[in-house]
Amino acid sequence: ISDQKPLGCWSVKHGQILTCPVVCNFETHEFIAVHDDKVLRIWKNEDINLDKAFKATLSADVYRIHSLPSGGPLVLFRGGGVRTLDVLLEAPQQVIENVVSDEVIRWSGAFMEGQQPILIFTTEKDGDFFVYVQKPKLDSVHKYKLEQEESAKPLCFTAHITNQTATLLCLYSNYSVYQVLIPLQQDTEEEEEEILSKSLLLNFSVSGTVLKGTSLVALDKDHVAVLGSLAAPGKEPRECLSVWNTKFQTLQTSKELPLGTSGQLWCYEEKFFLIHGKVLTVIMYKCETSSLAAAVGKLKDSQTPDVSSFANWNTLEDEELVVSLQSQESVALKAESKMNLRSRRSTAAKVQPETLSVGQLLLNLKDASTYVLETELRQLMAKAPTPDLQATIGCVVTALTDRCKRNPKYYPQNFLLQIVETRDLSYSLCPDLMAVALEKKDMHLLQVCLERFPDIPEEITYACLKAFLSISEAHLQSIDVNLDSVICYIDVEFNDKEVKTEIVENGFSAEMDQDMCDTKMPKESQSRSDAESCPVGPQKAALLNAVLHSAYTETFLLPHLKNLPAQQAILFLRYLYYLYVKCSEKVNTTLPGTRSPTINQIMDWMCLVLDAHFTVMVMLPEAKELLSNLHKFVRAQVRFYSELNKIEGSLRELQRLNHLRESQTYSIEVLEII
């Protein structure tokens, strides 16, 4: 989340359907999924193919899997049966009892009461709602009937456990939240189902204004969060997220969501997760001890009356600022905020009490002259470090790129380069910077961004690669590019011809070349030209090295790589082959220089290009020689290392004998390796 970088993607086969949310087993760090209702899958982060992951077919349909940090995963079946994952894996085909009778599960939640896992779920049948409380380790289940409400029905549920009592909160269709108390200490199971009475906790309809909630989450015993739309007479409904104090029935804080939501709200480790517009938004909050002073905003330590110490709304304000730079700040953040998500640092924190906030300053500078804009922005960055300085720098870059998009003739190349080189930025803090650099063909800035940003989307990485491969060598001669990554292994004379040096390769020689190659190439002198001379100039090589260093996820990069023109793909593969041979010259398979590509990066990208363009490579005549050279070189390497593996045991025995020999004794021994 902090880098806005996808780390993995797994998919089921065509025709299969994931039928419940995937969870993480906190104890084993494994993912658990269910597809087609009964098929259980378990895999780890490093596993690539879901088809090869652990598979178990169960005897009943699964409704949901709940993962507890200290209690292990619990599996809830559609029939109401509950099993811990360990018990279920001992006998996947064990018979699962039906607890519910013709009822449909509407909601479920798992909790820990001491060392005891507890699962609570609600069901519906013919308009009646029921509550089940299960303790899997004690093999106990209790069923209750929920007291009916005239002309209203429950829309969603949430719960929390305090002092051996479960509090079930129900959001009803009459815009009210009701509270239901469920005792967890039951000595014997009641033969007749007990009816649970409810009490009104909150009413969201006041003076004609109605909050139509779609999602309800309990934050602690005194606070709930509600996601929904605010409807007032004569006005368009506005989606908003609000936090309420249930103890004093007061609105703690709220924020409108102008970009729209999906209607779903999640809460985990004091962070809200919701879909806002087209992005997953993370909002940090802090629940403090509930008091009347806090509920009405009269705490003595509040330094300013407009400060909300409960939620950090600046995440949303940053998004709206990036979208249009026209949103007005409604909530500021305390300077001592513990917000440390790199992707969405606060943009509205007050640098000094008497100065304007960053967002308001940027709005005021929107139509200022170029000189005034850059002067004010330099002064803003030169101020004393604050907890939100990084986000401030990101907003400065955003302001500059917005000016570039409005005025095509304006492009402060040196200013932008200085900021990126001297500040610890990320792509998510200034998402338009690289797009503007691509439009302006600023190769040097793109190179620096690729080397420094840890969270560049695969689409942008591909765009940079395509731009680097398509630009002419003549044009690159006039561009200032950092050559530190290539200068130590690409020696260039004044006529731009590479100096030929003696090559001593690990496991590769002309004799082995002839022995391993099944098809003799017509021009012997040309068969190794791709390996002996760099197919691109030093400037282009340095730019391509920056791409090789950029982090990526294979699943998300491959679709873009398939769009790379065939000639550019061949050129890129020739350069990767050149680097591969260069690495093999060294005993430690490491290229000299600063930020030079590693052997793993080279081989990973080589495999990516071949995966994306294998059919095209096989069909193109100009790629035949390259593929043949690459094939025989890899085969020679494999043969060389297989020979080393054969004598590995003898070498270890020799090493053991050296340890046994007295270090002060001089001797000459001849060991025959059979």
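The values are calculated or read from the model by the stated rules, or taken from the named source; none is laboratory data. The shown structure was predicted, so the numbers you read here are calculated from the model rather than taken from an experiment. Every residue, glycine among them, receives a Cβ derived from its backbone with ideal geometry; neighbour counts consider all protein chains shown. Accessible surface areas use protein heavy atoms only, side chains included; no ligands, DNA or RNA. Shrake-Rupley method; radii C 1.70, N 1.55, O 1.52, S 1.80 Å.
The figures follow:
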| read-out | value |
| --- | --- |
| Stretchable slack from L620 to E97, in nm (0.36 nm times residue separation minus alpha-carbon distance) | 182.1 nm |
| Distance in nm between pseudo-label sites at E90 and K137 (7 Å out along the Cβ direction from Cα) | 1.5 nm |
| Probe 1.4 Å, protein heavy atoms only - accessible area per residue of segment 1-127 in square angstrom | 51 Å² |
| Loop trypsin sites (Lys or Arg not before Pro), segment 213-270, which have at most 16 other Cβ atoms in a 10 Å radius of their Cβ (DSSP) | K221, K235, K247 |
| Shape call, segment 213-291: gyration tensor on alpha carbons, a/c limit 1.5 | oblate |
| Pairwise FRET efficiency - S11 versus M112, Cβ, R0 = 41 Å, nearest 0.05 | 0.80 |
| Listed pairs K221/K286; K409/K540; K44/K646 exceeding 24 Å between Cα atoms | K409/K540; K44/K646 |
| Added length on full extension, which subtracts the Cα-Cα distance from 0.36 nm per residue, T375 to E459 | 26.9 nm |
| Added length on full extension, which subtracts the Cα-Cα distance from 0.36 nm per residue, E270 to S59 | 72.2 nm |
| Karplus-derived 3J(HN,Hα), 6.51/-1.76/1.60, for each residue of segment 124-129, Hz, glycine and proline x | 9, 8, 6, x, 8, 10 |
| Efficiency of FRET from Cβ geometry, N49 and E124, R₀ 56 Å, rounded to 0.05 | 0.90 |
| Solvent-accessible ranking of I195, I32, largest area first, probe 1.4 Å | I195, I32 |
| Amide hydrogen neighbours beyond the local backbone of E194, cut-off 5 Å, H modeled | K145 |
| Accessible area, probe 1.4 Å, largest first, for residues I96, I283 | I96, I283 |
| Simple label model, 7 Å out from Cα along Cβ direction - S533 to S642, nm | 3.4 nm |
| Pairwise centroid distance, computed over Cα atoms, of segment 1-74 with segment 388-457, Å | 38 Å |
